[in-house]
1. By counting other Cβ atoms within 10 Å of each Cβ, how are Tyr82, Tyr141, Tyr158 ranked from fewest to most?
2. Counting other beta carbons within 10 Å of each residue's own, what order do Cys19, Cys184 fall into, fewest first?
3. So how do Lys41, Lys48 line up by other beta-carbon neighbours within 10 Å, fewest first?
4. Quick check on my link table: of Lys113/Lys144; Lys48/Lys188; Lys41/Lys144, which ones sit more than 25 Å apart, alpha carbon to alpha carbon?
5. Mind giving me the nanometre distance, one decimal, between the label points for Lys11 and Cys152, set 7 Å out from Cα along Cα→Cβ?
6. Rg (Å, one decimal) plus Dmax (Å, integer) for the alpha carbons of the stretch 14-146?
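No value in this document is a laboratory result; all are computed from the given coordinates. In this text, all values refer to a predicted model and were calculated from it rather than measured experimentally. FYI the Cβ positions are ideal-geometry reconstructions off the backbone, even for glycines, and counts take in every protein chain you see.
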Amino acid sequence: MFIEPRSKGQKMGWVELICGSMFSGKTEELIRRLNRAKIAKQNVEIFKPGIDTRYDDEDIVSHNKNAIRSTPVNSAAEILLYAGNCDVVGIDEAQFLDAGVVEVVNKLANSGKRVIIAGLDMDSNGIPFGQMPALMSVAEYVTKVHAICMKCGDIAHYSYRKVSSEKQVMLGEHESYEARCRRCFNLKADA
């Protein structure tokens, strides 16, 4: 992978990754950080995978209904086309992006941009999801957020799928998923 060298005096960027289960506040934290950058008068560009249309076709929307404008993309490479001269790049639901996202994120950070990414670290089978492990390894800062187990009230970091499906990617909300702790996730029972 070729990485553009920075020019003398150019500020080096970095990568921040926010990960965890569903209902853990990943998108809420992403929106909070991006809004703070906007308050600081930094130029912010925000992206999400085009397949994520749960709450809105374009905006990133948290489960708490907080929203921020974004640009849907069908491939990670599109982010480079739209990032332009911004200072901060936000990416939500990064687990849905293709393998090129790691190279894209590195190019953005190496060109002096702050890159803030949010995504599920594991799928509903408890398996590392998409490019998230690779993104964790290149990030300077990793924040793992947790939900509350819907069965027992302990700290949860698993996304339990309540409906039957063999697909890894299945968009859904409370009707399809719930957060669970390790013990309750491994029980695999709805009771």
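1. So the residues, fewest neighbours to most, are Tyr141, Tyr82, Tyr158.
2. On the way: Cys19 25, Cys184 20.
In increasing order of surrounding Cβ atoms, one gets Cys184, Cys19.
3. On the way: Lys41 8, Lys48 28.
By the 10 Å Cβ count, ascending: Lys41, Lys48.
4. Numbers: Lys113/Lys144 22 Å; Lys48/Lys188 31 Å; Lys41/Lys144 27 Å.
Distance filter (> 25 Å) returns Lys48/Lys188; Lys41/Lys144.
5. Label at Lys11, label at Cys152, 4.6 nm between them.
6. Cα only, the stretch 14-146: 13.2, 41 Å (Rg, Dmax).
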